[in-house]
Amino acid sequence: MKIVISYVVLFFLTVSLTFSQWSEQTSGVTANLKSVSCVDQSNVWVCGYLGTILRTTNGGLNWQNKTGNGVPTNVSLINVCGITQDIAIVSGYISGSDTWVWRTTNGGDNWTQVFTQATGFINAVVMLEGSTNNGFMMGDPVASRWSLWKTTNGGANWDSTGVYLPQNGTEAGWNNSMFAAGTKIWFGTNSSRIYYSSNSGLNWTAQISGAELNTYAIWFWSLFSGEEGIAGGTGLVQTTNSGINWSAMNSTGTGSALITGITSTLLPVSNPQFGLIWLVRAATSVYMSSNNGVNWITEYTAPAGNYNHISVALPGRGIWAVRTNGGISYHSQIQSVKQVQMEIPADYSLMQNYPNPFNAMTKIRFSVPASADTKLKIYDVNGREILTLVDSKLNPGEYESLFDAGNLSSGVYFYRLESNNYTETKKMMLVK
């Protein structure tokens, strides 16, 4: 039985987005932090100048300093790729000298050099989506050839066989300016070009990024096959066809500060029910748009230091942004829940997710008959909490939450609803 509160509106679609506040986390360092990489909601890696490497396993409540465990402290680290809680890769250089890549397999306690070359920055390392073994590395051109390398063993070894892209003029790349979605890879340059591969780096085409001379940041909605994305430098450009065409979009921020990082929630801006966009410039503010960049707000201003990079945790939806003074800003979990009926249900209920089994994304519906603090959490087969989808006070009604398992392995997972004294758990199957 359901109690109808209006005979005129029996079904009404509305979106309830809950935003938590930005806060500062204690990094324990003052070095220029250049890159941040989220493995999930708990495990995050950061690197920067003076060989600085930081790691957290509890969402930033505590940051462990892993500097000096095999990486010289006179190296400027410019990119980090977190693969698991214990495995990560960093790249860096010494001005006027060589460039190097290091890897850890024990949480940063020891780092092993896995790559070096004379001159040319190694700008970015990414793992191809869903894999902890297959990855790609991009560096500035050396001897008129882009430094492009692939790995099939989690970065322990790197191979450039069959990967060739000639340099066009004097073009070069930018640190952190690379993104992978499935087998698709993009990286930005300083020459109005974004390079694109549809087959894990074997072949490349040049995409024209329009008015953006420098492409410092790239973001694609990977669950949608990398079709819709954003790139930024001075301003922003967007694409809906994997970059075949790029068009200008409204941007934000004043002055000459360049866009140094872009991130978002799960869904592309053409379907903005849950999708939001954040960006940082080389200044003190974080900007957010909830309507495809038509309007932006200054969501947070840091107390000091300019932002270098921003990253979102998937799975999980926390955001971390790093700055030039060692500062780390954190936006607590982004919650996305859609109210699908305005009727007051008679009882609490947790429905079976749909579809089930599912690949990458599924919807979970639940009902609450009274205003209450409500939590919807995801657990793995061992009972380990991996994601909180909802954690807020909800009004009576029926709700729907979207669960993204794009970065999780196939298997059995559980979801649990808690509201007042009511709890219920159901099982679901992820099949990739």
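Taking 0.36 nm per residue of separation and subtracting the Cα-Cα distance, what length does fully extending T119 through M361 add?
82.8 nm
May I ask which of K34/K150; K66/K363; K338/K426 have a Cα-Cα span longer than 29 Å here?
Over 29 Å Cα-Cα: K66/K363.
Given points 7 Å out from each Cα along the Cα-Cβ axis, report the T234 to K393 separation in nanometres with one decimal.
Between T234 and K393, the label points sit 4.8 nm apart.
For a bin width of 10 Å, list the pair-distance distribution of the range 319-432 built from all Cα-Cα distances, rounded to whole %.
13, 42, 28, 12, 4, 0
Would you mind classifying the range 138-229 by shape? Square roots of the alpha carbon gyration tensor eigenvalues, ordered a ≥ b ≥ c; an a/c under 1.5 is rounded, otherwise it is prolate if a/b is larger than b/c and oblate if not.
Oblate, since a/c reaches 1.5 and b/c is not below a/b.
Among T152, T183, T252, rank each residue by its count of other Cβ atoms within 10 Å, from fewest to most, as a rough exposure measure.
Values: T152 13, T183 16, T252 19.
Ranked by crowding around the Cβ, least crowded first: T152, T183, T252.
Give the average over all directions of the projected area of the C-alpha convex hull of the range 72-185, one decimal, in nm².
Its Cα hull, projected and averaged over all orientations, spans 7.0 nm².
How high is the relative contact order of the chain, in percent, counting Cα pairs under 8 Å that sit 6 or more residues apart? Write out the running numbers ahead of the final one.
Details: 1289 pairs, mean separation 57.0, N = 432.
Worked out over the chain, it gives 13 percent.
Packing-wise, with mean Cβ within 10 Å as the measure, how do 417-423, 176-182 rank, highest first? Mind showing how you got there, number by number?
Working: 417-423: 16.6, 176-182: 23.1.
Packing order, densest peptide first, comes out as 176-182, 417-423.
When S311, S198 are ordered from fewest to most other Cβ atoms inside 10 Å of their Cβ, what list results? Present the calculation step by step, with values, prior to reporting the outcome.
Numbers: S311 22, S198 15.
Taking fewest neighbouring Cβ atoms as first place, the list is S198, S311.
Run the quick spin-label model on N153 and S409: label points 7 Å from Cα toward the beta carbon, then report their separation in nm to one decimal.
1.9 nm
Based only on Cα atoms, what mean projected area does the convex hull of the range 15-335 have, in nm²?
Result: a mean projected hull area of 14.3 nm².
Placing +1 at every Lys and Arg Cβ and -1 at every Asp and Glu Cβ, with all other atoms neutral, what dipole size does the chain have around its Cα centre, in debye to the nearest 20?
160 debye
In whole Å, how far is the Cα centre of the range 67-85 from that of the range 303-375?
About 30 Å separates the Cα centre of the range 67-85 from the one of the range 303-375.
FYI, it's all coordinate maths here, none of it is from the lab. Worth saying up front: this structure is predicted, and the values here are computed from it rather than measured. So basically every Cβ, Gly included, is an ideal-geometry build from the backbone, and we count neighbours across all protein chains shown.
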